[in-house]
Amino acid sequence: MRQRLFIIITLAVVIIVLVALNAASYVKVEETPDSEGRPDRSTFNGGATGTRALYDFLHESGHQVTRWRDSTASLLSLSGPKPETIVIVGRTAIPVSKAEAKELLRWVETGGRLVIVDRNPDRALLPQSGDWKLSTQVFHYPFGDLDPNNLEQMTAGVKQVSASQPTLLAASVEAILPSRFAAAITIVPQERKKTSEHAGGDSQEDDSNTNNSSEETSDESEDSEETPQPGRDYEISAPEEKSPTVSPAPVANFATDSGALLVDYPHGQGRIVLLGDPFIVANNGIRSADNLLLALNVVRGGGGLIAFDEFHQGHAITQNALIQYFEGTPILALCGQFALIGVLIVWSRGRRFGRPLPLPHVDRRSSLEFVASMAELQQRARAHDLALENIYGRVRRVLVRHAGLSNSSPRGEIAARVAARSGLNRQKLETLMRNCEDTINGAPTNAKESLRLARRLREIESQLGLGTRARDDRQNAERNEL
């Protein structure tokens, strides 16, 4: 027992020392404040540069919105729900790779809607649309001591901007207030390749002669076709209807003197929307002017599930949520150390450090062993009457000797003589003897009733002091020997 107590005390001391060391070595990582120089555009960020306000507003207003924390490859898979709109805000913590950009654009071609809100967007996410190409330019950059919570510093010298033309993205929006760091989006037309010059003068003349002859021939054929002949029926065919095509030209919804601020254009069966200022959808600017209405128009589109890209913001589902919750705290180190201590305890308990000791020899030669065996046998067989018969027979013989009668005397006489000598209640004693005899003779009983009768017999025997002291002393001595 002392050895176990020493081991327990040692383990307790080791655990206390480990907890103290982990607590002393733990250094709390201070959170860096938000800044426009290194913004955190995640929807988990409730600071000035985050987008949690927009996400919570969409969620509370009943829109289908979620945080997309899987890779872009899952957008092209057949399983699981797919979003209608993917929103990428700001320069992400994890850059979008070329393969991911191709997967996103392939998803847009199948009918998806990609919304990019950034001052310097990734050019791989802005493919050329027909003969037009988009480029962005930033004229003012945030300085080090800029407070993103200070609206005056963010919008110094900036005027509200109205819609350039009535579009769906500008619906119900009178004017928006961008920051002075907003990017100017330029729509640059791409020059087509010019055809080669005419080869020479002779060839030109031949070509002109050939063209003149072909034109004359075509004119004659047209005249012959257009001249109706009498007596002949003609079928008038309706002109073929051409399917409407969507212009690939980008649409500037909002523009300033420097360039466009909000542009959208088709790509395949989907559309790409580019907003040049994250301040409009961020927590520090969404409440200014009609920025919230514009943000809702930009991210909602035609409805459906809206997914904010959190995979590239550094919140991908790559590990257990519980481990991620305790990451950066000494809890994980403590759990690992406790597990190591448990393994050492199990290993030490299963290994013998000395010579084998013989098992303690138990002397089983006891009269109580037979009694215990019989009692267990009777209990398992539910022979309550047999157990009560053994106890009542011995008590009745003791009562007969105490009353000075013979064993053949009736129980009423035995109860009367014992009550007269000891002062016990005759009626209760006779009732007890009658119940015991009825049970022995086959009356229905149970374990609880048999135990009550046996306990009552023991109490009478103890009250009368009829030879129980010597028997109890002998049984106690035998128990001590075991």
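The values are calculated or read from the model by the stated rules, or taken from the named source; none is laboratory data. Keep in mind it's a predicted model, so treat the numbers as computed, not measured. Counting neighbours? That spans all protein chains shown, and the Cβs are built from the backbone with ideal geometry, glycine included. Side chains included, ligands, DNA and RNA excluded: accessible areas come from the protein's heavy atoms. Shrake-Rupley method; radii C 1.70, N 1.55, O 1.52, S 1.80 Å.
Key figures for this structure:
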item: Check on residue 337, at pLDDT 75 or above and either touching a helix residue (DSSP H, G or I) at 6+ places or on another chain (Cβ under 8 Å) or of a type in the set (A, V, I, L, M, F, W, C) (or both); result: yes
item: Pair list, Cβ < 7 Å and 6+ apart or interchain, from region 19-36 residues that are open to solvent by less than 100 Å² (accessible area, probe 1.4 Å) and part of a loop (DSSP other than H, G, I, E, B) to residues that are at pLDDT below 70 and of a type in the set (S, T, N, Q); result: none
item: Selected residue (criterion: farthest from residue 118 (Cα to Cα)) from residues of region 77-91 that are within 22 Å of the chain's Cα centre (by Cα) and in a loop (DSSP other than H, G, I, E, B); result: 79
item: Residues within region 397-412 that are open to solvent by less than 40 Å² (accessible area, probe 1.4 Å) and within 18 Å of residue 465 (Cβ to Cβ), tallied; result: 4
item: Residue check for residue 367: of a type in the set (Gly, Ala, Ser), at pLDDT below 80 and loosely packed, with under 12 Cβ neighbours inside 10 Å; result: yes
item: Odd one out for residue 59 among (1) within 27 Å of residue 120 (Cβ to Cβ); (2) at pLDDT 90 or above; result: (1)
item: Matching residues in region 235-284 - criterion: being of a type outside the set (S, T, N, Q), at pLDDT 90 or above and assigned to a loop (DSSP other than H, G, I, E, B); result: 250, 259, 268, 276, 277, 281, 282
item: Considering residues of region 77-92 that are open to solvent by less than 20 Å² (accessible area, probe 1.4 Å) and aliphatic (A, V, I, L, M) only, the residue farthest from residue 272 (Cα to Cα); result: 89
item: Selection count, region 391-446, where residues are assigned to a loop (DSSP other than H, G, I, E, B) and either at negative phi or touching a Phe, Trp or Tyr at 6+ places or on another chain (Cβ under 6 Å) (or both); result: 13
item: Neighbours by Cβ (under 6 Å, 6+ apart or cross-chain): first from region 140-167, on the phi > 0 side of the Ramachandran plot; second modelled with pLDDT of 90 or more and loosely packed, with under 13 Cβ neighbours inside 10 Å; result: none
item: Within region 54-78, tally of residues that are of a type outside the set (Phe, Trp, Tyr), in contact with a strand residue (DSSP E or B) (Cβ under 6 Å, 6 or more places away or on another chain) and within 16 Å of residue 309 (Cβ to Cβ); result: 4
item: Matching residues in region 48-76 - criterion: being open to solvent by 50 Å² or more (accessible area, probe 1.4 Å) and part of a loop (DSSP other than H, G, I, E, B); result: 61, 62, 63, 64, 69, 70, 76
item: First in region 371-385 and within 20 Å of residue 441 (Cα to Cα), second anywhere and hydroxyl-bearing (Ser, Thr, Tyr) and open to solvent by 90 Å² or more (accessible area, probe 1.4 Å), Cβ under 9 Å, 6 or more apart; result: none
item: Tally, over region 93-139, of residues that are in a strand (DSSP E or B) and open to solvent by less than 70 Å² (accessible area, probe 1.4 Å); result: 10
item: Extreme residue, modelled with the lowest pLDDT, among residues of region 459-481 that are open to solvent by 70 Å² or more (accessible area, probe 1.4 Å) and in contact with a helix residue (DSSP H, G or I) (Cβ under 8 Å, 6 or more places away or on another chain); result: 479
item: Condition broken by residue 282, with the remaining ones in (1) buried (at least 23 other Cβ atoms within 10 Å of the Cβ); (2) touching a strand residue (DSSP E or B) at 6+ places or on another chain (Cβ under 6 Å); (3) of a type in the set (A, V, I, L, M) satisfied; result: (2)
item: Condition met for residue 344 (at pLDDT below 85, part of a loop (DSSP other than H, G, I, E, B), within 30 Å of residue 6 (Cα to Cα) and open to solvent by 80 Å² or more (accessible area, probe 1.4 Å)); result: no
item: Lone unmet requirement of (1) modelled with pLDDT of 90 or more; (2) touching a Lys or Arg at 6+ places or on another chain (Cβ under 9 Å) for residue 54; result: (2)
item: Residue ID - least open to solvent (accessible area, probe 1.4 Å), chosen from residues in region 176-190 that are hydrophobic (A, V, I, L, M, F, W, C) and more than 24 Å from residue 147 (Cα to Cα); result: 185
item: Hits in region 413-452 - residues which are in contact with a Leu (Cβ under 7 Å, 6 or more places away or on another chain), surrounded by 15 or more Cβ atoms within 10 Å (Cβ to Cβ) and charged (D, E, K, R); result: 417
item: Verdict on residue 304 being out of contact with any Lys or Arg (no Cβ under 6 Å at 6 or more places or on another chain), closer than 30 Å to residue 121 by Cβ and modelled with pLDDT of 85 or more; result: yes
item: Criterion (at pLDDT 90 or above, touching a His at 6+ places or on another chain (Cβ under 6 Å) and not hydroxyl-bearing (Ser, Thr, Tyr)) met by exactly one of 108, 87; result: 108
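One line per residue, one yes/no per condition, for (1) touching a Pro at 6+ places or on another chain (Cβ under 8 Å); (2) in a helix (DSSP H, G or I); (3) at pLDDT below 70:
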residue: 317; (1), (2), (3): no, no, yes
residue: 328; (1), (2), (3): no, no, yes
residue: 354; (1), (2), (3): no, no, yes
residue: 360; (1), (2), (3): no, no, no
residue: 388; (1), (2), (3): no, yes, no
